[in-house]
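I have placed the structure first, in the form of structure tokens, so that the comments after it can refer back to it.
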Amino acid sequence: MTSIEVSGLRKRYGGTTALDGMTFTARAGRVTGFVGPNGAGKSTTMRIILGLQRADAGEALVGGRPYRSLQHPLRSLGSLLDASALHPARSGRNHLLWLAQTQGLGQGRVNEVLELVGLTGAGRRTAGGYSLGMRQRLGIAAALLGDPPAIMLDEPFNGMDPEGIVWLRGFLRALAEQGRAVLVSSHLMSELQDMADHVVVVGRGRVLADSGVAELIAAVSGDRVRLRTSAPAQAAAVLAAAGAEVADGVVRGLGAEEIVAVLTGHGVPFSELAPHRATLEDAYLELTAGSVEYRGATA
Ligand SMILES: Nc1ncnc2c1ncn2[C@@H]1O[C@H](COP(=O)(O)OP(=O)(O)OP(=O)(O)O)[C@@H](O)[C@H]1O
């Protein structure tokens, strides 16, 4: 069983701390989502796993060994970091043939992976004319060439159309169900919610949460109650006075029974109170609230 393990990774670029003790494991047989705001250190971690960059401290192991020491690296860990890193004048198929040759793999495998990612028909077109979604597919095909037990993809959903997103979700799940370790970074929390088994949330170079997706959502959902009322301002005022926070029809900080007592005590009408199931996006936003370095202005 091959897993991808990083422990205590530290990395500085001049005055910037990119990684500050990054530690987690992407285990075999599950999809591990790797999420965090821009600049949180996801790409740096992936480059260090691949031995493309050296950590100042800590280590990254694939199946218990540093990537650089692996005898057949593409047969151990398949990766996609940058879908645009290909020769624009070369066809998708020739790009894969060239990679396959460096690994002692034949044409047959190239045809197989083209088929797996749905590029058989486009394989002979020059990669320079591919859309970003097609380049992502080609990159995923390249990652799969060596039939590796571990796969690591940096933002593979970027540029994919809705059909491509649905396909990729099912595809990554299937790879994990075959027993592979799948580590995938994404900004699309809704996609991870339906697809990942486990999520590692990072901010400012360290792990903020390392948990099963279901557990993480349950932890954030815990104290939220959805309220439907014809007097929202009055409800918000009396609930706030009782110590709750109310936003967008969701009450936090009081249980359902306490909310009923407060509202009826003040004669505030309401038509519905129900547990609010948080989304992975809610959990993510709550966890990373203090770690966002680049925040857009509110219009
Ligand atoms: N080559 C470099 N030189 C200087 N600083 C760098 C370099 N690479 C990364 N950094 C800095 O390290 C930090 C982590 O960057 P990294 O790209 O790993 O984050 P990320 O989580 O992948 O972000 P994004 O979601 O935007 O891709 C950032 O502050 C970034 O500016």
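Observations
- Reduced Cα scattering model of the chain, Debye log10 I(q)/I(0), q = 0.11, 0.12, 0.14 Å⁻¹: -0.73, -0.83, -1.02
- The Kirkwood radius of the range 75-224, taken over pairs of alpha-carbon atoms, gives through the Stokes-Einstein law at 4 °C and 1.567 mPa s a diffusion coefficient of 79 µm² s⁻¹.
- Trypsin sites (Lys or Arg not before Pro) within the range 12-67: DSSP coil, no more than 10 neighbouring Cβ in 10 Å: Arg54
- Calculated over the range 194-287: convex hull of Cα atoms, volume per residue (Å³): 103
- Helical contribution to [θ] at 222 nm, DSSP H n ≥ 4, -39,500 (n - 2.57), averaged over the chain, rounded to 500: -10000 deg cm²/dmol
- For the range 124-203, fraction of C-alpha pairs farther apart than 22 Å, in %: 24
- Taking every alpha-carbon pair under 8 Å whose residues sit at least 6 apart, the chain reaches a relative contact order of 22 percent.
- Ranking of Glu286, Glu59 by neighbouring Cβ atoms within 10 Å, starting from the fewest: Glu59, Glu286.
- Applying both filters, DSSP loop and at most 12 other Cβ atoms within 10 Å, to the chymotrypsin sites (Phe, Trp or Tyr not before Pro) of the range 89-166 eliminates every site.
- Förster-model FRET efficiency, 30 Å R0, Gln234 and Ser190, C-beta, rounded to 0.05: 0.35
- Counted by neighbouring Cβ atoms within 10 Å, the residues Tyr284, Tyr67 run from fewest to most as Tyr67, Tyr284.
- Taking the C-alpha atoms only, the angle from helix 132-144 to the longest principal axis of the chain is near 60 degrees.
- Site pair Ser84 and Ser7 shows an inter-label distance of 3.8 nm when each label is modelled 7 Å from Cα along Cα→Cβ.
- Exposure proxy for Ser185, Ser69, Ser43: other Cβ atoms within 10 Å of each Cβ, ordered fewest to most, give Ser69, Ser43, Ser185.
- As a calculated quantity, the FRET efficiency between Ala241 and Glu215 at R0 = 30 Å, using C-beta atoms, amounts to about 0.35.
- Between the range 32-54 and the range 135-174, the alpha-carbon center distance in angstrom: 17
- Rg of the Cα atoms in the range 1-69, relative to 2.2 N^0.38 Å, amounts to 1.07.
- As a ratio to 2.2 N^0.38 Å, the alpha-carbon radius of gyration for the range 47-128 is 1.27.
- The gain in end-to-end length when the Gln71 to Thr264 segment is fully stretched comes to 62.5 nm, 0.36 nm per residue minus the alpha carbon separation.
The numbers here are math on the coordinates, done by the rules we state, and not lab data. On a predicted model such as this, the values are computed, not experimentally measured, just so you know. Cβ: placed from backbone, ideal geometry, glycine included. Neighbour counts: every protein chain shown.
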